[in-house]
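Q: Here it is: the structure, laid out below.
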Amino acid sequence: MALYATAASVLANVESRRGSIKGLVYASSFQNVKQLYALVCETQRYSAVLDAVIASAGLLRAEKKLRPHLAKVLVYELLLGRGFRGGGGRWKPLLDRHQARLKAELARLKVQRRVSRNEDLLQVGSRPGAASQVPRFVRVNTLKTSSDDAIDYFKRQGFSYQGQASSLEDLRALKGKCFLLDPLLPELLVFPTQTDLHDHPLYQAGHLILQDKASCLPAMLLAPPPGSHVIDACAAPGNKTSHLAAFLKNQGRIFAFDLDAGRLASMATLLARAGVSCCELAQEDFLAVSPSDQRYRQVQYILLDPSCSGSGMPTRQLEEPGAGTPSKARLQALAGFQQRALRHALTFPSLQRLVYSTCSLCQEENEDVVQDALQQNPGTFRLAPVLPSWPHRGLSSFPGAEHCLRASPETTLTGGFFVAVLERVEVPSSVLQAEASAPELTLSAAPRNKRRPRRTVAPRTLPPTEQVLLFLLP
């Protein structure tokens, strides 16, 4: 099966320090990047355990054509993963021949280390902590279906719907085939932690988006109404973009930018599957986009989720070999880019509301970036007070930082995240100019027969080939 061969190739390249897991996954030709990413991360997490089991079982000695990285992926799937349910291809018979020995060696390793659970075999640094309690959040794509219809579908499949959650304890208590409706987002379903929906027909059809709750906050807080023009400044992989399109109901326009052609191609596939038709993708550096370009004169909403250290992601230690707490030099470089991107975004003349977000826990990438932007635009933008009941607020590094939101597995039962909402506090000059260009004709003293009618220019309609970046698809 192509999944296992691709996962083995990614692992080999990670070991050779040819890139991060995420970068290599997106650069691969495998279509289901989330499935591939999950398999590679989990195999990497159990790497030492798998090496011990494979060596003890003599698998590589018995199967001389089986390469080490592929063996590791296959043994993970057999012993710790999904067990080749409905797949495995030509590798399943090979592993079946060694299944009893491999299972026996795994059991022997547990006895030797005096543990009973697979995860207890992990080294302390690799064991799941609070992040292991984060449930599976599933956003219903309202461009294609409704929450009620999705709930009914799951109930027909034997899932037990528990209604709308009232607290985090309700989410923590989820087990088996039970699920809830999130208390904050009406389109967000919540399942137990280990629920795997990558092969679910609703996900495959684009009716469901597998997206952490914290990652849903930016689009929800930006909340552009239908007909709006929106910029998604650093858009790939596209989950937030599809969420914005759902708010727009595909009415309006989203300008989405990203520099990576491979990520944009994957994003175009995701958006097409999600039924997004109001988005124009461009392989372009957002910092090079001119705010004076007439195409963006109506942009009132910007979502800026720039590259960051990813220190809030539960699997961050697997993102790059040896990754952990980002170095001071790397933080400075990232914060410098983030500051430039936020300053640039605030120069768009019709901008009314902007959401800045990261999946980082570092103050340098979060509160410090927002404070810098506010200092550069005194009296023009302010931090909007949002979600007053949200339990985790911004660090008290400057007055008003409590209006920022933070998220973590411990406090909000989500991935680590940061969100700030900036809104304009004055009427933009472009609006004043637009009003000034529309004279009140009833006050004119000129003779009625000498007044020239204003000429109306129809807006340019983009041809279909300029929609959703078909030219980026192979």
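Q: Could you look at segment 131-210 and say what percent of its accessible area is carbon and sulfur, using a 1.4 Å probe and all protein chains?
A: Roughly 47 percent, rounded to a whole number.
Q: Can you figure out the FRET efficiency of residue 16 with residue 173, using R₀ = 30 Å and their beta-carbon distance, to the nearest 0.05?
A: Details: r = 44 Å, r/R0 = 1.46.
Working from the Cβ atoms, E equals 0.10.
Q: Heavy-atom accessible area per residue, segment 230-286, 1.4 Å probe: how many Å²?
A: Here the residues of segment 230-286 average 29 Å² of exposed surface.
Q: Just want the answer: with Cβ charges of +1 for Lys and Arg and -1 for Asp and Glu, which residue in 267, 245, 234 is farthest toward the dipole's positive end in segment 205-337?
A: Going by the charge dipole, the pick is 245.
Q: While we're on this one: Wrap a convex hull around the Cα atoms of segment 1-121, take a quarter of its surface area, and give that in square nanometres.
A: The Cα convex hull of segment 1-121, projected and averaged over all directions, gives 7.4 nm².
Q: Give the lysines whose C-alpha is closer than 21 Å to that of residue 72, dropping any in the same chain fewer than 8 places away, or say none.
A: 22, 34, 64, 92, 103, 110
Q: With a sphere of radius 9 Å drawn around the Cβ of residue 8, what net charge do the other residues whose Cβ falls strictly inside it have (Lys, Arg +1; Asp, Glu -1)?
A: +2
Q: Here's a follow-up. Accessible area of segment 214-424 with a 1.4 Å probe: how many percent of it is carbon plus sulfur?
A: 50 percent
Q: With a 1.4 Å probe and all protein chains left in place, how much accessible area per residue does segment 1-121 have, in Å²?
A: 52 Å²
Q: Can you put 253, 406 in order of accessible area, largest first, using a 1.4 Å probe?
A: Numbers: 253 60, 406 15 Å².
Heavy-atom accessible area, descending, gives 253, 406.
Q: From the protein chains alone at 1.4 Å, what is the descending order of accessible area for 410, 423, largest first?
A: Largest accessible area first, the residues go 410, 423.
Q: Continuing with the same structure: In whole Hz, what ³J(HN,Hα) sequence does segment 67-78 give by Karplus (6.51, -1.76, 1.60; θ = phi - 60°), x for Gly and Pro?
A: 6, x, 5, 5, 4, 5, 5, 5, 5, 4, 4, 6
Q: Mind checking which lysines have their C-alpha under 17 Å from residue 155, skipping anything on the same chain fewer than 8 residues away?
A: 175, 177
Q: Is segment 214-424 rounded, prolate or oblate when judged by the Cα gyration tensor, a ≥ b ≥ c being the square roots of its eigenvalues, rounded requiring a/c under 1.5 and prolate requiring a/b larger than b/c?
A: Details: a/c = 1.42, a/b = 1.19, b/c = 1.20.
It is rounded, given that a/c, with a ≥ b ≥ c, falls under 1.5.
Q: With point charges of +1 on the Cβ of Lys and Arg and -1 on the Cβ of Asp and Glu, referenced to the Cα centre of segment 131-210, which listed residue (206, 178, 147) lies farthest in the positive direction of the dipole?
A: Looking along the dipole axis, the top candidate is 178.
Q: Treat every Asp and Glu Cβ in segment 151-251 as -1 and every Lys and Arg Cβ as +1, leave all other atoms uncharged, and give the resulting dipole magnitude about the Cα centre to the nearest 20 debye.
A: The dipole magnitude comes to about 140 debye.
The values are calculated or read from the model by the stated rules, or taken from the named source; none is laboratory data. Nothing here was measured: the structure is a model prediction, and the numbers come from that model. Neighbour counts are summed over all protein chains in view; Cβ atoms, including those assigned to glycine, are modelled from backbone coordinates with ideal geometry. Quick note on the areas: whole protein, heavy atoms, side chains included, nothing else; ligands and nucleic acids left out. Shrake-Rupley method; radii C 1.70, N 1.55, O 1.52, S 1.80 Å.
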